[in-house]
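Peer 1: Before I ask anything, here is the structure I am working with.
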Amino acid sequence: MVKLIVFLVLSIPVLAVSFRSLRIPGSHGFYRFFGWEGLLFLTIWNIRYWFHDPFSIQQIVSWVFLFYALYLVIAGVLLLHRKGNSHPDREDPALYSFEKTTELVDTGLYGYIRHPLYASLLFLTWGVFLKHPDLLLVAVALFSSVMFHLTARMDEKECVVYFGEIYREYMKRTKMFIPFVF
């Protein structure tokens with residue numbers, strides 16, 4: 001019962017941050033909200049196992065995923081900030097200010113994968129799941145993964161509309177989440 005209450009209370013800020021996107025079904029932020037909610041559920045459910053049996057293979061793999069997720073989000077945001085030329089005049093109510101890039105970022109990490117920020121959420125999801133896997137959490141992790149994949153797909157549609165053919169070409173030479181693989 002306590003976990004449910006904590007989940008509901010912590011869902012309020014997630015809902016507040018996502019409110020604009022939820023009003024636009026089909027936007028990337030719409031699906032991202034549900035992925036975040038699944039990730040929040042996983043985190044609350046597994047928080048007591050975070051440091052349980054720290055040297056088990058499962059925990060080591062979990063920490064590798066979590067640190068890789070941290071790397072992806074930091075590197076991705078820094079590159080967007082440095083190279084994306086964010087501009088507040090870019091019209092799209094579902095975008096946060098750092099997402100309002102006017103230049104396609106296709107160097108550094110973005111030269112290998114199109115969605116380092118969503119990849120970070122995928123690795124975070126599975127890193128948290130591995131803290132203490134069970135059948136319910138497999139379903140939640142899969143749900144979150146599907147939502148983050150849909151988020152990336154919708155983001156790509158939005159980028160094709162904004163950047164046009166240059167983004168289509170970019171899609172042909174990069175992977176979505178894992179360099180050279182997927």
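The values are calculated or read from the model by the stated rules, or taken from the named source; none is laboratory data. No experiment lies behind these values; they were computed from the predicted model shown. Cβ: placed from backbone, ideal geometry, glycine included. Neighbour counts: every protein chain shown.
Peer 1: Between a first residue in the range 128-140 that is surrounded by fewer than 19 Cβ atoms within 10 Å (Cβ to Cβ) and a second residue that is of a type outside the set (G, A, S), which pairs have beta carbons less than 9 Å apart while being 6 or more apart in sequence or on different chains?
Peer 2: Close Cβ pairs (under 9 Å, with a partner that is of a type outside the set (G, A, S)) amount to P133/N46; P133/Q58; D134/W45; L136/W45; V138/F129.
Peer 1: While we're on this one: Scan the range 12-43 for residues that are farther than 14 Å from W126 by Cα and among the hydrophobic types (A, V, I, L, M, F, W, C) and report the count.
Peer 2: 11
Peer 1: Then there is this: Tell me which of these S97 doesn't satisfy, since it passes every other one: (1) under 20 Å from I24 (Cα atoms); (2) of a type in the set (G, A, S); (3) at pLDDT 95 or above.
Peer 2: For S97, the exception is condition (3).
Peer 1: Checking the condition surrounded by 15 or more Cβ atoms within 10 Å (Cβ to Cβ), aromatic (F, W, Y), under 30 Å from P54 (Cβ atoms) and over 9 Å from the mean Cα position of the chain (by Cα), which residue from F123, F143 passes?
Peer 2: Exactly one of F123, F143 is surrounded by 15 or more Cβ atoms within 10 Å (Cβ to Cβ), aromatic (F, W, Y), under 30 Å from P54 (Cβ atoms) and over 9 Å from the mean Cα position of the chain (by Cα), namely F143.
Peer 1: Checking Y31 against (1) part of a loop (DSSP other than H, G, I, E, B); (2) within 25 Å of E91 (Cβ to Cβ), which test does it fail?
Peer 2: (1)
Peer 1: Please tell me if S97 is over 27 Å from Y170 (Cβ atoms), among the polar types (S, T, N, Q) and surrounded by fewer than 15 Cβ atoms within 10 Å (Cβ to Cβ).
Peer 2: Judged against the criteria, S97 is not a match.
Peer 1: If you take the residues of the range 72-94 that are part of a helix (DSSP H, G or I) and free of Cβ contacts under 8 Å to residues at least 40 places away in the same chain, which of them is nearest to S145 (Cα to Cα)?
Peer 2: The extreme case among them is I74.
Peer 1: Quick one: count up the residues across the range 104-121 that are free of Cβ contacts under 8 Å to residues at least 40 places away in the same chain and at negative phi.
Peer 2: The number of residues fulfilling the criteria is 3.
Peer 1: Moving on to the next point. Could you look through the range 146-182, keep only residues that are in contact (Cβ under 8 Å) with a residue 60 or more places away in the chain and either small (G, A, S) or part of a strand (DSSP E or B) (or both), and pick out the one that is surrounded by the most Cβ atoms within 10 Å (Cβ to Cβ)?
Peer 2: Within the range 146-182, the match that is surrounded by the most Cβ atoms within 10 Å (Cβ to Cβ) is A152.
Peer 1: Let me ask you something else. Only one of these conditions is not met by S86: (1) at pLDDT 95 or above; (2) touching a Lys or Arg at 6+ places or on another chain (Cβ under 9 Å). Which number is it?
Peer 2: So the condition that S86 fails would be (1).
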